[in-house]
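Below: the structure, in structure tokens.
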Amino acid sequence: MKTSICIHIGSPKAGSSALQNFMLNSRRPLEKLGFYYPEHGIDKNGVSGGHGQLGGALRDKDIDGAEALLSKWLTHARKKGLKLVLSSESFFNQAEPLYTLLHERMQLAPEDIRVIAFVRAPIDYLMGNHNQGIKRHGETWRLSNHLAPVMRNGKPSLAGLPLIQWANAFGDDNCHFMTYQRPADDVPQIEAVFLRELGVAASEIPALLPEKKITNRSYVRSALELKRILNTVLGKLPSEVGREIDWALQGYSDQHPEEDSLGSRDIPELLYKDINDMFLAAMEPVIQRFPTLDRAVLFPPQEPKRVRTADLNNPYRPLAYLEVHCAKELAAVKEEALAQYRQGRQGYAFLKLLDLLGIDFEEPAAQAGLSPRARGIIASSNMKEADRLRELGSYFEQHGLLDDALLLLEKARDNRPSGGSIKKLQRRVVDKKSVLEQVNAPGSDDA
């Protein structure tokens, strides 16, 4: 019997961790129903990359390695008369390499492949990406700083372009794209929706479903703020320190459902509207082509503002949790923070970390005048007018005089149109100005 392959491609931030955790823990009952889900690794919080080793081989253009791995899984499935089920977000942007592997190298027919994807609301994806950047990738940006560049650069994946590529490669009838809905009492579990798409009989599904829980939940506010501040020094420490702290803060978030996470209510109102409008226009062809996608869920109204309980947003709560569960790692953070302070490091987020950790420090005096470097550049007869204007623009930026900074940088560009450092500085000032305008807009309540 020729075994078909069901490929779950994500999309990112759309319940993949929950599905992979469920499928991994349900391999035996799923085999009885006709499905083979190959094993993969998982961390202590139930999070994994699924079958990312296949996606990684394709990304590295190791087509032979990818074929060997897929052939092993497919041979095992065929011997048992099972359908092969794969899942990884690493597949999402690899429609063309997977087409080459499945159809050209392995000679599978289009009807042998079933592609499944859950599509998340763009604004929720961006929120989740901000959370993930702080959780796992050492970012220290606040929410508005993270979102503002989206209006300039966009994100093709959020506009649904990969879905078009999958459908063009594998055929619309073989692609099943559904709207991801955040877990709620009145929303079907994503595991149930996925099993239905695989072809499991409705009568078999209830017995398979796990207890309702959230896997890889976004950090709660207090944990996110603590990790954002810790990230100011974690990059200088061994990766296992950050990993243990991440696992602990994930555990804290999972154990404190009474605390909420950042939501669309935390985005300045005008910025929320602009982002939603931009992606709605970009996704319109995708929504028209795939009617299973729900416009109302993908582009919801902004969540209403609500009064927050100060105690539940307090980073000292998760800090106390770390002191119990990550004492060694927290000690390493304190040692590194103290060393950096003694070396002269300043900055608001860093000093906030010192305060949280109970490390004594002197508040810096307000900077008066130009830095010695800027003064030297401006005074030097070897420097050009563009250099002097650039340094003055940087000085005004540091003091929050963004309009004056832009005026000087525009003049610097007139003198040196190809100046890379001038362009970079100008873009940074524009982004700062955009963020401030959104934050100060009526009705905004930035986190």
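Structure notes:
- Farthest towards the positive end of the charge dipole of the chain, among the residues Ala201, Ile42, Phe91, is the Cα of Phe91, using unit charges on the Cβ of Lys, Arg, Asp and Glu.
- Using C-alpha pairs below 8 Å separated by at least 6 residues, the relative contact order for the chain is 18 percent.
- Over 32 Å between alpha carbons, listed pairs Lys13/Lys411; Lys236/Lys424; Lys135/Lys212; Lys61/Lys432: Lys13/Lys411; Lys61/Lys432
- Under 15 Å of direct C-alpha separation, and excluding same-chain neighbours fewer than eight residues apart, Lys44 reaches these aspartates and glutamates: Glu240, Glu244, Asp246, Asp254.
- Ordered by solvent-accessible area of protein heavy atoms (1.4 Å probe), largest first, the residues Arg28, Arg105, Arg120 come out as Arg28, Arg105, Arg120.
- Cβ charges +1 (Lys, Arg) and -1 (Asp, Glu), total dipole of the range 339-438, debye: 520 debye
- Taking the DSSP beta bridges with both ends in the chain, the antiparallel portion is around 0 percent.
- Area of Glu363 that stays accessible when all protein chains are in place (1.4 Å probe, Å², to 10): 150 Å²
- Residues in the chain average 49 Å² of solvent-accessible surface per residue, probe 1.4 Å, ligands and nucleic acids excluded.
- Compared with the direct C-alpha span, the chain from Leu208 to Ser380 gains 54.5 nm at full extension, assuming 0.36 nm per residue.
- Förster-model FRET efficiency, 35 Å R0, Ala68 and Asn314, C-beta, rounded to 0.05: 0.10
- For the range 1-158, the relative contact order comes to 36 percent (Cα pairs under 8 Å, sequence separation of at least 6).
- Accessible area in the full protein assembly, largest first, 1.4 Å probe, for Val333, Val324, Val430: Val324, Val430, Val333
- Gap separating the Cα centres of the range 323-341 and the range 254-279, nearest whole Å: 31 Å
- Listed by chain and number, the lysines placed with their C-alpha closer than 19 angstrom to that of Lys79 are Lys2, Lys32; residues fewer than eight positions away on the same chain are left out.
- The simple Förster model, with R0 at 41 Å and r as the Cβ-Cβ distance, assigns Glu197 and Lys423 a FRET efficiency of 0.30.
- Farthest towards the positive end of the charge dipole of the chain, among the residues Phe350, Gln340, Leu249, is the Cα of Gln340, using unit charges on the Cβ of Lys, Arg, Asp and Glu.
- Within the accessible area of the range 129-279, the carbon and sulfur atoms contribute 49%, probe 1.4 Å, all protein chains present.
- Using 0.36 nm per residue and subtracting the Cα-Cα separation, the extra length available between Gln288 and Ala184 on full extension is 34.7 nm.
- By the helix-only formula, in which each DSSP H run with n ≥ 4 contributes -39500 (n - 2.57) and the sum is divided by residues, the chain has a 222 nm mean residue ellipticity of -16500 deg cm²/dmol.
- Ranking Gln398, Met278, Pro268 by Cα position along the charge dipole of the range 255-399, where only Lys, Arg, Asp and Glu carry charges on their C-beta atoms, puts Gln398 farthest toward the positive end.
- Per atom type, the range 1-85 shows carbon and sulfur on 48% of its accessible surface, probed at 1.4 Å.
- Shape category assigned to the range 90-235 from the gyration tensor of Cα positions, a/c cut at 1.5: oblate
- GluC sites (Glu not before Pro) restricted to the range 37-135 and DSSP loop, no more than 16 other C-beta within 10 Å: Glu39
- Size of electric dipole in the chain: Cβ of Lys, Arg +1 and of Asp, Glu -1, about Cα centre, debye, nearest 20: 780 debye
- With each label modelled as a point 7 angstrom along the Cα→C-beta vector, the Gln132-Arg306 pair spans 2.5 nm.
- Counting only heavy atoms of the protein chains and using a 1.4 Å probe, Asp360 has close to 140 Å² of accessible surface.
- For Phe35, the amide hydrogen comes within under 5 Å of the amide hydrogens of Lys83, counting only partners 5 or more places away or on other chains and with H modelled in the peptide plane.
- Across the protein chains, with a 1.4 Å probe defining accessible surface, the residues Asp431, Asp172 rank Asp172, Asp431 from largest area downward.
The values are calculated or read from the model by the stated rules, or taken from the named source; none is laboratory data. Since we're looking at a predicted model, the values are computed, not measured. All Cβ positions, even for glycine, are placed from backbone atoms using ideal geometry, and neighbour counts span all protein chains on display. These accessible areas exclude ligands, DNA and RNA; they are computed on the full protein's heavy atoms, side chains included. Shrake-Rupley method; radii C 1.70, N 1.55, O 1.52, S 1.80 Å.
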